[in-house]
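Enquirer: Have a look at this one.
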Amino acid sequence: MRVQIYQINHNRDIHDMKFMSLKDGEVVDPSTYDEVFNAEIEESDLEAIYTRFNTEGHPLHRGHSLSVSDVVVMQDKAYICQSVGFKEIPFNVSQTQKPDNLMRVVYVEPNKPAYEAEVEHSLRGEQRAVKGLIEPVYIENDGTCLICNEEAKLEGMDGNRRFGSSIIAGPFFVVGLTEDDFRSLTDSEVMRYMDRFKEPEQISQEEVQGDMGFTIITGM
């Protein structure tokens with residue numbers, strides 16, 4: 001399920017609403033909120049989402065742990081986190097803000113279909129997205145690049161997708177390339193890689209460990 005999470009930006013919080021429950025008669029001002037998460041997760045229950053974002057979190061989450069005053073949007077409905085439970089509210093997401101340095105990517109997790117997402121274009125954001133040190137895998141004559149965790153196999157991460165004659169373990173994302181930097185994917189590139197990685201692959205841990213020490217061959 002696609003879920004978005006929004007958190008109040010302290011610099012725009014003139015009414016000191018951050019971490020405060022919404023009282024009867026009060027309304028939420030979406031313009032004080034930043035989008036901190038927009039991705040696919042398995043959880044579809046608000047309490048399960050709350051638990052996840054206070055325990056394991058998610059590699060694409062850019063904010064703090066889910067707290068009072070945060071807003072969760074799913075299936076076109078918005079819910080504000082209260083001191084006890086959640087409350088459905090009107091919430092215009094078009095009035096919220098998000099960082100300018102986000103790249104449009106195709107994000108791929110083990111045992112899940114690929115989906116379109118955004119990754120913060122910074123070393124910290126890119127490392128967070130793959131849960132560790134980044135390793136670029138260049139796709140020849142394609143203008144795109146696969147970014148994975150260079151230590152995923154050593155850390156025992158699950159096998160994700162077969163790529164050439166090797167295996168990619170752990171989460172990875174596909175991004176575009178300029179002459180000297182990463183860039184957002186185009187519409188056609190998103191469609192191509194959504195299709196390429198739409199089906200999860202069953203890869204045993206034995207296969208992952210057996211692939212250690214081999215160089216990943218670029219190309220599809």
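Enquirer: Can you find a residue in segment 182-189 that is of a type in the set (S, T, Y) and more than 21 Å from the chain's Cα centre (by Cα)?
Expert: Step one: list which residues in segment 182-189 are of a type in the set (S, T, Y), which gives 184, 186, 188.
Narrowing further to those that are more than 21 Å from the chain's Cα centre (by Cα): none.
For segment 182-189, residues of a type in the set (S, T, Y) and more than 21 Å from the chain's Cα centre (by Cα): absent.
Enquirer: Can you tell me which residue in segment 104-125 is surrounded by the most Cβ atoms within 10 Å (Cβ to Cβ), limited to those that are assigned to a helix (DSSP H, G or I) and without any contact (Cβ under 8 Å) to a residue 40 or more places away in the chain? Spell out the reasoning first.
Expert: Residues of segment 104-125 that are assigned to a helix (DSSP H, G or I), as a first pass: 123-125.
Now narrow it down to the ones that are without any contact (Cβ under 8 Å) to a residue 40 or more places away in the chain: 123-124.
Details: L123: 10, R124: 8.
Only one residue fits best here, namely L123.
Enquirer: Right, another one. Being among the aliphatic types (A, V, I, L, M) and part of a helix (DSSP H, G or I) is the filter here, so list the residues in segment 1-57 that pass it. Step through it out loud before you land on a result.
Expert: Taking segment 1-57 first, the residues among the aliphatic types (A, V, I, L, M) are 1, 3, 5, 8, 14, 17, 20, 22, 27-28, 36, 39, 41, 46, 48-49.
L46, A48, I49, listed by residue number.
Enquirer: Given (1) surrounded by 20 or more Cβ atoms within 10 Å (Cβ to Cβ); (2) in contact (Cβ under 8 Å) with a residue 40 or more places away in the chain, where does L146 come up short, assuming only one miss?
Expert: (2)
Enquirer: Here are the criteria: (1) in a loop (DSSP other than H, G, I, E, B); (2) of a type outside the set (A, V, I, L, M); (3) in contact (Cβ under 8 Å) with a residue 40 or more places away in the chain. Tell me which single one D100 does not satisfy.
Expert: Here D100 meets the rest and fails (3).
Enquirer: Of everything in segment 130-179 that's in contact with an Asp or Glu (Cβ under 6 Å, 6 or more places away or on another chain) and part of a loop (DSSP other than H, G, I, E, B), which residue is nearest to E199 (Cα to Cα)?
Expert: P171
Enquirer: Another question, if that's okay. Looking at segment 23-42, is at least one residue surrounded by fewer than 17 Cβ atoms within 10 Å (Cβ to Cβ), under 17 Å from the mean Cα position of the chain (by Cα), within 17 Å of V93 (Cα to Cα) and not polar (S, T, N, Q)?
Expert: no
Enquirer: Here's something else I'd like to know. Give the residues of segment 85-99 that are loosely packed, with under 15 Cβ neighbours inside 10 Å and at pLDDT 95 or above, sorted by residue number.
Expert: Of everything in segment 85-99, those that are loosely packed, with under 15 Cβ neighbours inside 10 Å and at pLDDT 95 or above turn out to be G85, K87, E88, P90, N92, S94, Q95, Q97.
Enquirer: Restricting to segment 109-146, name every residue that is among the hydrophobic types (A, V, I, L, M, F, W, C) and either in contact with a helix residue (DSSP H, G or I) (Cβ under 6 Å, 6 or more places away or on another chain) or outside the structural domain of K198 (by TED's automatic domain parsing) (or both).
Expert: If the condition is that a residue be among the hydrophobic types (A, V, I, L, M, F, W, C) and either in contact with a helix residue (DSSP H, G or I) (Cβ under 6 Å, 6 or more places away or on another chain) or outside the structural domain of K198 (by TED's automatic domain parsing) (or both), then A114, V119, I134 are the ones that fit.
Enquirer: Please enumerate the residues belonging to segment 185-199 that are exposed (fewer than 15 other Cβ atoms within 10 Å of the Cβ), assigned to a helix (DSSP H, G or I) and either among the hydroxyl-bearing types (S, T, Y) or outside the structural domain of Y115 (by TED's automatic domain parsing) (or both).
Expert: Within segment 185-199, S188 is the sole residue that qualifies.
Enquirer: Charged (D, E, K, R), surrounded by fewer than 20 Cβ atoms within 10 Å (Cβ to Cβ) and at pLDDT below 95: is that true of E140 in this structure?
Expert: yes
The values are calculated or read from the model by the stated rules, or taken from the named source; none is laboratory data. Since the structure is predicted, the reported quantities are computational estimates derived from the model, not experimental observations. Reconstructed Cβ throughout: ideal geometry from the backbone, glycine too, with neighbour counts over all protein chains shown.
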